[in-house]
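Only one structure is covered here, and it is reproduced in the block below.
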Amino acid sequence: MSREHEKGMSLIVKTITRLTVGLILLYGIYIVSHGHVSPGGGFAGGVIIALSFIHLMLAYGKEVAFKRLSRTVASFFESLGAIMFLVIAILGFTGGYFFLNFIAKGEPFKLFSAGIIPLCNIAICLKVGAGLFGIFVALVLLKLESGEKK
Amino acid sequence: MGASNIIPLFVVIPLAGAFLISLLGKKIKGLADIIGVISGLSLCVLSFYAVRLYNIHGVLTYSVGAWMPPIGIGMIIDGLSAFMLVTVNLVAFCVVVYSLNYMEKYTAKGKFYTLFFLMLSGMNGVIITGDMFNLFVFLEIAAVASYALVAFGTEKHELEAAFKYAVMGTMGSLFVLLGIAFLYGYTSTLNMADMGAVISRKGTGNIVLMVIILFLMGFGLKAALVPFHAWLPDAHPSAPAPISAMLSGVLIKALGVYALCRIFYNVIGVSPLISSILMFMGTLSMVVAGLLAIGQWDYKRLLAYSSISQIGYIILGVGLGTPLGILGGLFHLFNHSIFKSLLFLNSGAVEYTTGTRDLQQMGGLAHKMPVTGATGLIGSMSIAGIPPFSGFWSKLIIIIAAVEAQKFAYAFWAALISILTLAMYVKVLKYAFLGNLAEKWKQIKEVPIFMKLSMSTLAIICMVGGVLLFANINDVFLNRASENLLQGRKYAVMVFKGIRQ
């Protein structure tokens, strides 16, 4: 066994995590990319994607999780998601209105349809996923200094 | 259509600034400052341009995503919005310039600017939106950013204050959300103008009375009216000085007073009951916080209590409901934004050089810090209502309006608290700036250039603030704002006329 398996929870948890974490990530991506035709969307999918990384951190400890998604990358993706969303909204000005759905709408209930909404979903997914992961990391790394100075 | 294209920019520019800084600020040194100043300056210029556009074209309306209100989200600039935009963005620009130097002592300047511009976009959003739920969303953006900013120093008492603020602020937001839900249930629409039209058709039932109480609690908490003020004296002193200036200067007004006025006057419609509640709460805040302020020894805590007291004046003026009262209230809102941000920036300058906020340890600082001392004097005289500074005129108008409306008791309290305000600021001046210089402050130097620049700008506005009452300036700026409140539920007619054009 490699050294990265020394930390974290028991073997059972690790094995289950190894089997399911990819599926969770994939399901999150499905929820995001299918968000405009079925229930779900950027927020729900982003939460599920963030959960897959949090799951990894819970089972294997923070080093393994940071190897997959470091804090710098998470904060980069968070800002990128927000900027993407804003750029999509501003591009609406090409049609004369802020937030105008300026791309062809396509046929209803097909994957490539609904104009800018799938793109917005992806941007929201980046923002929410990276943001939620960041919040979890902040809560994990927070050291309480209470009790020291009394 | 053309002119109203500037409306979304008030949200777009600060949001873009915020996330560009968080994306690129760490990699390129100095970029955060440049983006910050450019965004602040362009917002400030745009807000003055919005006043001009409103005076040429009348009410500006914008349909987001080309979805027509009341179905889609509408953004509206009328006299009151333009007035608030100028107030908020002017102060924000001065604060950005001040932070160029001040925030050097913190490590994460980029994060500060990101949160600052998020808060600014939330405030601008609250002011320009014409949609009730949209108002709640922007309110939360500004509020959540401000919770984080209060905790920016991450010391123990700062975290404690931020936690208290977050819990109480969230309660306030929940009351607002519940009120919006009830109002939506009653009127079946979320557009503010449409809501106003439906309420004038259906009448104000018991449910609207419930909504009024919820909004009074929710927005009253955001505006820190007594008895919902407990978070403010902790939160405002704990934040970094530029943020205290923003919170006390404009946040409590944009989220609290503006939203309260807009909804009570233009959506629900003001009744004698609401009017008397507002006047009573205003006077209560004025008196209670004024008495609490005078005993404080922490410089910023004293200023924070004084903010609550001055918000009382604004609410009293607006609550009178007479043209003169509303004019005085709004004028005092503008003046208070300017001099309270100036005073907080001053306290920041003192803390920057001496490292203390305790008034008893200071003394004679004006010898070493002439600019800070002079601007502090101007700000203090202005807030205490000494002629010819701006604060005198707005307080005078409020008191005259109260007398004209036969509310002699309220006029008496307003005049009395004005004297008390003078007393508390004389105390600040005596202990901080005048007198003999203590031995340990012999080595201190005046603050850096940008801090001086921003404080001087605000001080000049304090000195010449009275010109806003000159007939031709008053007509395009203050009067337009008070007219918008006075027209009451005719707001709906005005907005829908703007949309159809």
query: If you take the beta carbon distance between A:VAL140 and B:PHE163 as r and set R0 to 22 Å, what does 1/(1 + (r/R0)^6) give as a FRET efficiency, to the nearest 0.05?
result: 0.75
query: Among A:HIS55, A:GLY45, A:THR72, whose Cα sits farthest toward the positive end of the charge dipole of the range A:3-141 (+1 at Cβ of Lys/Arg, -1 at Cβ of Asp/Glu, about the Cα centre)?
result: A:HIS55
- request: Could you tell me the distance between the Cα centroids of the range B:314-374 and the range B:67-124, to the nearest Å?
  value: 20
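Students often check this: by mean Cβ neighbours within 10 Å, which of B:172-183, A:43-54 ranks highest, and how do the rest follow?
A:43-54, B:172-183
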field: Cα pair distances of chain A binned at 5 Å [whole percent]
entry: 2, 10, 15, 17, 16, 13, 10, 7, 5, 3, 2, 1, 0, 0
statement: Dipole check, chain A, charges on Cβ (K,R +1; D,E -1), about Cα centroid: among A:VAL140, A:PRO118, A:GLY81 the Cα furthest to the positive pole belongs to A:VAL140
query: To the nearest 20 debye, what charge dipole does chain B have about its Cα centre, counting +1 at the Cβ of each Lys and Arg and -1 at the Cβ of each Asp and Glu?
result: 280
query: Average partner chain C-beta neighbours within 10 Å, per residue of A:95-101?
result: 6
query: Shape of the range B:317-451 from its Cα gyration tensor (a ≥ b ≥ c, root eigenvalues): rounded if a/c is under 1.5, otherwise prolate when a/b > b/c, or oblate?
result: prolate
message: Quick check for you: which residues of the range A:111-130 have the amide N under 15 Å from the point 7 Å beyond the Cα of A:ALA104 toward its beta carbon?
response: A:111-116
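Please state the charge dipole magnitude for chain A, taken about the Cα centre, from unit charges on C-beta atoms (+1 on K and R, -1 on D and E), reported in debye and rounded to the nearest 20.
It comes to approximately 320 debye.
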task: Towards the positive end of the charge dipole of the range B:248-401, with charges on Cβ (+1 Lys, Arg; -1 Asp, Glu), say which of B:ILE400, B:ILE268, B:TYR352 has the farthest Cα.
output: B:ILE268
task: Order these peptides, A:12-22, B:229-239, B:84-94, B:361-371, by their mean beta-carbon neighbour count within 10 angstrom, highest first.
output: B:84-94, B:229-239, B:361-371, A:12-22
Rounded percent of accessible protein surface that carbon and sulfur make up, the range B:212-285, 1.4 Å probe: 84
field: Under 14 Å, Cβ to Cβ, from B:LYS26 - net charge with Lys/Arg +1 and Asp/Glu -1
entry: +3
For B:ASP78, net neighbour charge (Lys/Arg +1, Asp/Glu -1) across residues whose Cβ lies under 11 Å away: +1
statement: With -39,500 (n - 2.57) per DSSP H segment of 4 or more residues and division by the full residue count of the protein assembly as shown, the 222 nm estimate, nearest 500 deg cm²/dmol, is -23000 deg cm²/dmol
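The values are calculated or read from the model by the stated rules, or taken from the named source; none is laboratory data. None of the values given here were measured: they were computed from a predicted structure. When we count neighbours, we look across all protein chains shown, and the Cβ atoms used for this are built from the backbone with ideal geometry, even at glycine. Heads up: the accessible areas ignore ligands, DNA and RNA and are worked out on the full protein's heavy atoms, side chains in. Shrake-Rupley method; radii C 1.70, N 1.55, O 1.52, S 1.80 Å.
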